[in-house]
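The values are calculated or read from the model by the stated rules, or taken from the named source; none is laboratory data. Please read these numbers as outputs of a predicted model, since none were measured by experiment. Neighbour counts are summed over all protein chains in view; Cβ atoms, including those assigned to glycine, are modelled from backbone coordinates with ideal geometry.
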Amino acid sequence: MDHIVTLDSGENEIENLISGNKSMIIHGANVKSTPYGIVSKGDVLYFVNDSQPSEIKAKGRVSSVYNSCRMTYEESFALVIRNQHKLSLPDKLFYKWAGKRYIVLIEMDEVSEVHPFTIEFKPPVSLSGTSA
């Protein structure tokens with residue numbers, strides 16, 4: 001399956017994946033939420049920056065996925081610290097994700113830059129029916 005992943009443009013996450021300085025991405029939440037249980041080994045991820053969510057910049061193949069069980073704050077921090085050499089998170093993003101009850105770690109291989117192309121971007125819709 002193919003997925004579109006939005007990464008932090010201010011922290012150059014796409015560039016770090018392409019250069020090999022980073023080989024893993026993370027998502028965390030205090031409740032199970034997408035992409036929990038959705039992404040699988042072999043899936044292709046297409047990357048966009050949060051500043052240009054309709055322009056694909058790179059793609060990569062998922063080599064492994066870890067969906068955590070519910071964790072304590074301390075367990076979550078320990079998991080992120082153990083994987084920091086692959087995540088290469090700057091402090092801003094480290095503290096954004098560490099401490100979440102549920103963490104998804106997605107390891108990538110074959111990450112490459114693509115000739116940028118545009119996709120139709122629709123902002124998420126809230127349950128009340130207004131844009132989030």
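Numbers at a glance
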| item | result |
| --- | --- |
| Those residues of segment 79-91 which are assigned to a helix (DSSP H, G or I) and more than 16 Å from I14 (Cα to Cα), in sequence order | L79, V80, I81, R82, Q84, H85, D91 |
| Selection from segment 78-114 of residues that are surrounded by 15 or more Cβ atoms within 10 Å (Cβ to Cβ), closer than 18 Å to S63 by Cα, in contact (Cβ under 8 Å) with a residue 60 or more places away in the chain and not β-branched (V, I, T) | K86, L87, S88, L105, E107, M108 |
| Scope segment 62-76; condition under 13 Å from the mean Cα position of the chain (by Cα) and not polar (S, T, N, Q); matching residues | V62, V65, Y66 |
| Filter result for S51 (loosely packed, with under 12 Cβ neighbours inside 10 Å and under 23 Å from S9 (Cα atoms)) | yes |
| Test: residue in segment 98-112 that is part of a loop (DSSP other than H, G, I, E, B), under 26 Å from E15 (Cβ atoms) and either out of contact with any Cys (no Cβ under 9 Å at 6 or more places or on another chain) or modelled with pLDDT under 95 (or both) | yes |
| Condition check for F117: surrounded by 10 or more Cβ atoms within 10 Å (Cβ to Cβ), at pLDDT 90 or above, not in a loop (DSSP other than H, G, I, E, B) and not small (G, A, S) | no |
| Filter result (within 14 Å of the chain's Cα centre (by Cα), part of a loop (DSSP other than H, G, I, E, B) and within 16 Å of D109 (Cα to Cα)) within segment 1-55 | K22, S23, V39, S40, D43 |
